[in-house]
Amino acid sequence: MFCINCGASFLEENANYCSHCGQRRNDHHKSINKKTRLLSFLIPVGSFLSVLFVLILVYSHETEVNGNVITYQEKAEKAALAGEYNKALDFVETGLSYRNNYDILINEKELILTIIELNEDLTEVEQKIMDEQYESAQRDLDLLKRQMATNRSPLFVKLSHEIKQAETSVKVGEMKEEINKLESIDELADKLATFYSLELQEATELKQQIYTKMVTISSVKAEENLANKHFSQALNIVDEALQYVVNNEKLLSLKDRIIEEKAGFEKAEQERINKALQAAKMEEQHNLTKAVELTAINIKVDKYGDAYINGSVKNNGTETVHSIVIEFTVSDEKGKELESGKTNVFPNKLEPGETGDFEHVTYSTKENAKVNIMNISWLLEEKKG
């Protein structure tokens, strides 16, 4: 034992006083016991506080990391559902940089990579549809559906919808090919009866295709009869088409034109020609030769290779004109003529300063088709009195 006051060792075990400084030995024991008790309290408390501080720091850090991971997981899912797959993949990679063993993000990364690969395959299928390779496109779509059949993840919803749309395009494309081969109103009418089993979207598109073909066929055949002065046959053809394409402006305008040309022919076409040739005034000459001006011409080839032509003309003359006929040719990018024909302007009559429209569809032109206006002809309305 030693003295707490002077540090000297006690020589006698039972001594009550220090032999060097005289300090009582009992005071020594009390002081030691007091410090011992204090230390026994402070050490556990300090250890507890240290551990608690470390735990708080770890918890705070882990909470922040978890928050970042969940945030990027939500961003990735939102982007993937919107079809922004590469953006979604970036979000997943960022989330994994915070916690690379997070199973949910790891699984979502695999799903997104799979979706990106399938989406690339779907892009190739869409190109085949554009190239009218429908049979091959359908085989590829069947394979895509089998690859997706075992996965019910919501991330595949948009891709599944796009695959269904592609299947619709294949079905519509195949039926459009059949429609393009039909050459009569009766055949087209029979084809309409086969659409009742189709979904509304498909049936609507195909019906519109048939109606457009009906208008085109009847217009072309009516023009042929008009050229041969077979007015009654031309009217019958237009009326037959109007039974299906009710109130079609183009056909109604053509019908008006046929009636007026028939009346004019019966009254004596030669008389009108002579009258036109004998017109001496500049105004009359202008109305006969320069009244109708082409103001716009457009051609657009759709994804099935059909060329939709439309344009407009304006009556720059001083008299009413009617029975305006646009003569045109359609050629491919090498200049090869694909079609030549005529189409009428609607409305049938144009007052001075008024504009009218015309349209036509040329089928299976592929890309880069061009339209050339060869001639525009019209008749002047006869002046009363």
Quick count over segment 137-153, residues being over 17 Å from Lys176 (Cα atoms) and either in a helix (DSSP H, G or I) or within 16 Å of the chain's Cα centre (by Cα) (or both), is 10
Specify which of the listed residues (Glu117, Glu110, Glu132) is outside any helix (DSSP H, G or I) and modelled with pLDDT under 85. Glu132
Could you list, in sequence order, all residues of segment 331-385 that are of a type in the set (A, V, I, L, M) and assigned to a loop (DSSP other than H, G, I, E, B)? Val345, Ala369
Within segment 288-326, tally of residues that are in contact (Cβ under 8 Å) with a residue 40 or more places away in the chain and basic (Lys, Arg): 2
Determine whether Leu122 is open to solvent by 50 Å² or more (accessible area, probe 1.4 Å) and touching a residue at least 24 places away in the same chain (Cβ under 8 Å). no
Return yes or no: is Ser323 under 23 Å from Lys250 (Cα atoms), in a strand (DSSP E or B) and in contact with a Ser or Thr (Cβ under 6 Å, 6 or more places away or on another chain)? no
Being part of a helix (DSSP H, G or I), in contact (Cβ under 8 Å) with a residue 40 or more places away in the chain and either in contact with a helix residue (DSSP H, G or I) (Cβ under 9 Å, 6 or more places away or on another chain) or farther than 22 Å from Asp131 by Cα (or both) is the requirement here; does Ile163 meet it? yes
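Could you please find all residues in segment 341-385 being among the hydrophobic types (A, V, I, L, M, F, W, C) and under 36 Å from the mean Cα position of the chain (by Cα)?
Across segment 341-385, the qualifying residues are Val345, Phe346, Phe358, Val361, Ala369, Val371, Ile373.
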When Gly317 is run through (1) open to solvent by less than 50 Å² (accessible area, probe 1.4 Å); (2) closer than 30 Å to Asp131 by Cα; (3) not in a strand (DSSP E or B), the failure sits at (2)
Filter segment 200-220 down to the residues that are closer than 21 Å to Ser340 by Cβ and of a type in the set (Val, Ile, Thr), then identify the one that is surrounded by the fewest Cβ atoms within 10 Å (Cβ to Cβ). Val220
Taking segment 181-202, which residues are farther than 22 Å from Glu240 by Cα and either at pLDDT 85 or above or not in a loop (DSSP other than H, G, I, E, B) (or both)? Leu200, Gln201, Glu202
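Each row is one residue, and each column tells you yes or no for (1) β-branched (Val, Ile, Thr); (2) open to solvent by 30 Å² or more (accessible area, probe 1.4 Å); (3) out of contact with any strand residue (DSSP E or B) (no Cβ under 9 Å at 6 or more places or on another chain).
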| site | (1), (2), (3) |
| --- | --- |
| Thr150 | yes, yes, yes |
| Ser153 | no, no, yes |
| Lys158 | no, yes, yes |
| Glu162 | no, yes, yes |
| Lys181 | no, yes, yes |
| Asp190 | no, yes, yes |
What helices (runs of 4 or more DSSP H) completely inside segment 221-304 contain at least 3 residues that are modelled with pLDDT of 90 or more and open to solvent by less than 80 Å² (accessible area, probe 1.4 Å)? 231-242, 249-278
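The values are calculated or read from the model by the stated rules, or taken from the named source; none is laboratory data. The shown structure was predicted, so the numbers you read here are calculated from the model rather than taken from an experiment. All Cβ positions, even for glycine, are placed from backbone atoms using ideal geometry, and neighbour counts span all protein chains on display. The protein model used for the area step is the full one, side chains on, heavy atoms only, and it has no ligands, DNA or RNA in it. Shrake-Rupley method; radii C 1.70, N 1.55, O 1.52, S 1.80 Å.
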